[in-house]
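**Student:** Before I ask anything, let me first share the structure, which is written out below as structure tokens.
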Amino acid sequence: MTILSSDLITVTESQLENHWSNRGAVKTAKKTHKSVRHALDQYDWPDWVRYKPFLQGSYKNHTNIHGDSDVDTVIRLDSVWRRDLSSLTEAQKRNYKQDHSSALNSLDDFREHVKKALRAHYDEDTILADDHVTQKDKCIAVETPYLDADVVVCQEYRLYYSIDKSDPEGYDYISGITFDTQSGNRIINFPRQHYQNGTDKHQSTNQRFKPMVRCFKNARTHLVEKREIPEDLAPSYFIECLVYNAPDGCFKQSYRDSSEAIINYLQDSRLREMNTQDGMLRMFGNEETQWSTQKAERTLKAWNKLLS
């Protein structure tokens, strides 16, 4: 469907500052996360399980907007982890393997326990009726009395690196998360680094980074509603990573000036060389967990049209 340019709003400084830069629901997201944690706390876990639940995504990063619904909750298994030793010396690899044994339990075992815990609380309790816990490709979808939750069941991922190549014990690791989707794709990311980098960026841009992410997310929502772009063109995660890659100098006093500076910088940049906000992974490529430069360029063009 082709629409007239008059169907698009005129993006004013007031629209950006008083509406699009604002956060969405906060209290209900916290209640949702607390509800999931409560469900897990009621479960009789096996002795081998050690886990940590935490928020992830826009609610955790303070970049959620009005209309955001699903709350991303991570349930990370810490008693069994996956590791990457490829950056270690052969002596360091041998030393690591001498100190660590193979796990007897798996992430699949843990996921089944998580589903049992959630179903015992949400399906069999009087809080909700019927089946409100559903396994999806990347997460377990849970309908809570507050907001819906996307529960990501994962395990710790350790990316080892050498501190001193001459020392068999001279290595350390960066901690992330990993899991396999139901369709067989392996996902690896680093939420702690993502959050910390976003917080640092927010401070170094005079508290402009997160409001600008919300502005661009709202611009995406408006463009989708007006059928200028398809709904799946620009996922929220990639919008946040894209804005993060703009230099601090692009975040100016005016929201419109900031928008224009960020768009101009990104349109003139080599997108394929950009990393995700955690600084660990390439944002663009052909993997399922990456974005395409063509989609990013189309998104930037649509955003630019709103401003002009």
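The values are calculated or read from the model by the stated rules, or taken from the named source; none is laboratory data. Here the structure is a predicted model, which is why all the values come from computation and not from measurement. Cβ sites come from the backbone with ideal geometry, for glycine too, and all protein chains shown count toward neighbours. Each accessible area value is taken on the protein alone, full model and side chains, heavy atoms only, with ligands, DNA and RNA left out. Shrake-Rupley method; radii C 1.70, N 1.55, O 1.52, S 1.80 Å.
**Student:** Return the pair list, or none, for Cβ contacts closer than 6 Å from residues in the range 7-36 that are within 30 Å of His121 (Cα to Cα) to residues that are open to solvent by 60 Å² or more (accessible area, probe 1.4 Å), at least 6 apart or on different chains.
**Tutor:** Qualifying pairs under 6 Å: Gly24/His66; Thr28/Tyr146; Lys31/Tyr146; Thr32/Tyr146.
**Student:** Considering (1) surrounded by 13 or more Cβ atoms within 10 Å (Cβ to Cβ); (2) at pLDDT 95 or above, say which one Lys31 fails and leave the rest.
**Tutor:** Against the list (1) surrounded by 13 or more Cβ atoms within 10 Å (Cβ to Cβ); (2) at pLDDT 95 or above, Lys31 comes up short only on (2).
**Student:** A further question follows. Return the residue satisfying two criteria in turn: it lies in the range 134-175 and is acidic (Asp, Glu) and either in a strand (DSSP E or B) or touching an Asp or Glu at 6+ places or on another chain (Cβ under 7 Å) (or both), and of such residues it is surrounded by the most Cβ atoms within 10 Å (Cβ to Cβ).
**Tutor:** Glu156
**Student:** Could you tell me which of the residues Lys93, Lys34, Lys136 is out of contact with any Ser or Thr (no Cβ under 8 Å at 6 or more places or on another chain) and closer than 20 Å to Tyr157 by Cα?
**Tutor:** Every option except Lys93 fails the conditions.
**Student:** Would you mind finding the one in Thr63, Thr32 that is among the hydroxyl-bearing types (Ser, Thr, Tyr) and under 28 Å from Ile229 (Cα atoms)?
**Tutor:** Of the residues listed, the single one that is among the hydroxyl-bearing types (Ser, Thr, Tyr) and under 28 Å from Ile229 (Cα atoms) is Thr63.
**Student:** May I ask you to say which residue of Asp44, Asp84, Asp70 is within 23 Å of Arg111 (Cβ to Cβ) and at pLDDT below 90?
**Tutor:** Asp70 is the lone residue from the list that is within 23 Å of Arg111 (Cβ to Cβ) and at pLDDT below 90.
**Student:** Right, another one. Considering only residues that are assigned to a strand (DSSP E or B) and open to solvent by less than 20 Å² (accessible area, probe 1.4 Å), which ones fall in the range 176-210? Steps first, please.
**Tutor:** Step one: list which residues in the range 176-210 are assigned to a strand (DSSP E or B), which gives 176-180, 186-189.
The answer is Gly176, Ile177, Thr178, Phe179, Ile187.
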